[in-house]
Amino acid sequence: MIRFILPCCLLILQCALLHPTFAHSKLARLIRTSLTPITFLWFLTAPFRCSVRPPESADLISRMSFATSCILMSVKALDWGLGSDTVYTRTFKIVNGVKRWEKFDQDEEAINQKLQENDSCDAFQLILWVMLLMSSSRGLQFTWGPPTHPTNNLSTSDLIRRIVYVNIPATLALAFQIKTRDSALQTPVSVFLSWGIVHFPGLSLLSEVIYTASHGIWLASVMDVGLCLTTLGATVLYKFARWLNAPDAILQLCDPIYYPPAYDSPHLSSSIAELWGRRWHALFKRTFVLMGGKPMVWITKRLGASSNTQRLMGLFGIFAASAFLHEYPIFALTHPHQPYRHLFSEFPGAGFFFLLQPLGMLIEPYVIPLIPKKLGGGKLWVWAFLILTGYPYRIRYLVDCQLLSRIRPLSEWTWLYILSPVKT
């Protein structure tokens, strides 16, 4: 535990030195830069060094979550040590009844930054500022990410309604996956045969399509429900803190406005670019840009490539980083004394899935016009491409990692379990 606390403290120090108080301090910049290799390497290798016992199936997800958190912290160490400059706050404005953080023009930005640099900041205020920056997945006050949902503007009733609605496809998709897992042959076609459906040409293909689609629907729905539950929890804390007349600085830490819906109806995407660029969650976007996008742009620029080539390679770099991040927690399970060490030699289907996405973006301008709109047009293309490329992703997590091995059989599902948004 002690060896984990020290790097966290160093990362917190890097974060604190981004405060406007230290905007013109060369010493602060030197400290942040000097700490970067220490914090980066420690968090990057932590999942491999902290594997002191074989993971049981019960803690498989927690181990993978820990590994994901470590890679995100390692990228934050790079960002806060080498990439980011001083971080400034912004004020709210209301556009068409929706709260947004205001973006200043150049002159107003300079005045705003000067005021924050000259503003006094005691230790308590600095601690709260650090907590706010470290807990934000899209930068302080959402300085980056898609503009579709800049803040959370959902009421408590809207949140509960969204959780209930999204939990329906999540439960149905999970039920089909568990039914497949517990079937005689552990294949989706055996599920249909067990329902009395007569085998016909194409049934195997149809069942595989439904199985892959179910896995994708379940993943997106579960993440959306989980993030909405986080928002709901923040809402309860915020109202309770207001009832206690807590200071504004404390209220800001649990303000539900920082927890907007992560998804914007991804099933309605009419292109792969729209899906990943606007409708999917942006929780790791900054990480992917720093890990792959910016390095590839820098390399191609130094090689004298054109701006279009730089953007193209940056796109491939972003998805290569995404591929690495989705395989990294799996590799973290390949400790020599763990039963999952065979995963290292299996085909990295999750990474392969993300490496194919930029190819889909490149060819879709030529493919989508060929699909009649009455058949779905771009929407049909998105579903077809994701199901086709999602097969190795499904195999990687459901077969290789046995991600759903701890979910109880359908025979043990109660109405309370079915209605519960969290199923373990």
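The values are calculated or read from the model by the stated rules, or taken from the named source; none is laboratory data. Please read these numbers as outputs of a predicted model, since none were measured by experiment. Don't worry about glycine lacking a Cβ; one is built from the backbone with ideal geometry, like all the others, and counts go over all protein chains shown.
Below are the figures for this structure:
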read-out	value
Positions within the range 408-421 being outside any helix (DSSP H, G or I) and either over 11 Å from T171 (Cβ atoms) or out of contact with any Leu (no Cβ under 8 Å at 6 or more places or on another chain) (or both), in sequence order	R408, P409, W413, T414, S420
Residue check for S207: without any contact (Cβ under 8 Å) to a residue 24 or more places away in the chain and touching a Ser or Thr at 6+ places or on another chain (Cβ under 7 Å)	no
Matching residues in the range 375-395 - criterion: being under 24 Å from E327 (Cβ atoms), hydrophobic (A, V, I, L, M, F, W, C) and in contact (Cβ under 8 Å) with a residue 24 or more places away in the chain	V382, F385, L386, I387, I395
So I363, is it assigned to a helix (DSSP H, G or I), farther than 16 Å from A213 by Cβ and modelled with pLDDT of 95 or more	yes
Residue within the range 322-345 that is modelled with pLDDT of 90 or more and either among the small types (G, A, S) or not in a helix (DSSP H, G or I) (or both) present	yes
Which numbered condition V98 fails, given (1) over 30 Å from S155 (Cα atoms); (2) at pLDDT below 90; (3) surrounded by fewer than 19 Cβ atoms within 10 Å (Cβ to Cβ)	(1)
Pairs where the first residue, in the range 38-58, is at pLDDT below 80 and the second is outside any loop (DSSP other than H, G, I, E, B) and crowded, with 17+ Cβ neighbours inside 10 Å, C-beta under 7 Å, 6+ apart	P55/R63
Number of the condition not met by L159 [criteria: (1) surrounded by 15 or more Cβ atoms within 10 Å (Cβ to Cβ); (2) without any contact (Cβ under 8 Å) to a residue 12 or more places away in the chain; (3) among the aliphatic types (A, V, I, L, M)]	(2)
Residue that is modelled with pLDDT under 90, among the basic types (K, R) and surrounded by fewer than 20 Cβ atoms within 10 Å (Cβ to Cβ), where the choices are R286, R278, R302	R278
Qualifying residue in the range 396-410 (condition: hydroxyl-bearing (S, T, Y), under 15 Å from I210 (Cα atoms) and touching a residue at least 40 places away in the same chain (Cβ under 8 Å))	no
Condition met for A67 (loosely packed, with under 15 Cβ neighbours inside 10 Å, modelled with pLDDT under 90 and of a type in the set (A, V, I, L, M))	no
Scan of the range 379-421 for residues that are among the acidic types (D, E) and under 23 Å from the mean Cα position of the chain (by Cα), ordered by number	D400
Of residues in the range 21-43 being over 11 Å from L78 (Cα atoms) and of a type in the set (A, V, I, L, M), the one surrounded by the fewest Cβ atoms within 10 Å (Cβ to Cβ)	L27
